[in-house]
1. For segment 63-78, which positions are outside any strand (DSSP E or B) and not basic (K, R)?
2. Y90 versus (1) farther than 30 Å from G242 by Cα; (2) more than 15 Å from the chain's Cα centre (by Cα); (3) modelled with pLDDT of 75 or more: which is the lone unmet condition?
3. Taking segment 137-158 as the region of interest, how many residues are in a strand (DSSP E or B), more than 22 Å from the chain's Cα centre (by Cα) and either of a type in the set (V, I, T) or at pLDDT below 95 (or both)?
4. Given the criteria closer than 26 Å to H35 by Cα and modelled with pLDDT of 75 or more, does S221 qualify?
5. Taking segment 33-51, which residues are closer than 26 Å to A75 by Cβ and either without any contact (Cβ under 8 Å) to a residue 40 or more places away in the chain or more than 20 Å from the chain's Cα centre (by Cα) (or both)?
6. Do you know which residues across segment 30-61 are at pLDDT below 85 and of a type in the set (V, I, T)?
Amino acid sequence: MSNNIKKLLCACLVLTLLALPVLVSADVYMKQKQHNDAYSIMGQEHPAEDVIQEVWMKKDKIATIGPNTSVIIRADKKVQYIIDHKKKTYTEISMDFSKMASGADKEAGQQMQDMMKNMMKDVKISVKPTGEKKKINNWNCKKYIQEIEMMMGPMTMEIWATEDIKIDETIFSHYLTGQFAAIPGMAQHMEKITKESKKIKGTYVLNQTTTNVMGSQIKTSVELLEFKDTKAPDSVFEIPKGYEKASMMGPGM
């Protein structure tokens, strides 16, 4: 995947994170299987891919760890890191968009800020409970359809969530509100987004997403394989030793 498309899809992640399972009081560990269908975008062919991801969560930190790419969100520092394990590099993105970049990255930061403002300008989100039920990996699940409309294209998510995993909604609700309200263009949509997201009861077990990016359709699915309350090691929320910082925006952006 080109560096530019990676950054664009990471911007989509901002909205997707609004639909993550809420945190319990203790630290949380999840193992997930992610499948990406083959697709073509901007003249580049991308084969189908299956990866196993580990997700660690605590009150002000989230780490999604994959074999090739990891994403660390540090709400305590108001920053997120996108880590490329193949190149042993990381990209640092401020969660305070008004102070996103300075120095060599000042122009790139302004580009990202402008892009986010445009993307969030006419965001619409809706969640529809379908009433369908089934058991997935020993969890009793209910089906929801979530649709997100934004400038870059629509995103449709088929979500199977379970209430078998006990959760504390308050912590994650406060976390999301504080984290995303500062994003350019997001504040005006926060009330509706929060209200719609609360229609989904419980923790996601299976999430099948169809996203239209630059005229291409990208289909992904994330399936929960394991969930447990256990103390998260501090190291999972840190940049691996020896990794070098890369420019926030890839060449040609």
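1. Across segment 63-78, the qualifying residues are G66, P67, N68, A75, D76.
2. For Y90, the exception is condition (1).
3. 0
4. Against the criterion (closer than 26 Å to H35 by Cα and modelled with pLDDT of 75 or more), S221 qualifies.
5. V51
6. I41
The values are calculated or read from the model by the stated rules, or taken from the named source; none is laboratory data. This one's a predicted model, so the numbers in the text were calculated from it and none came from an experiment. Virtual Cβ from ideal backbone geometry, glycine too; neighbours counted across all protein chains shown.
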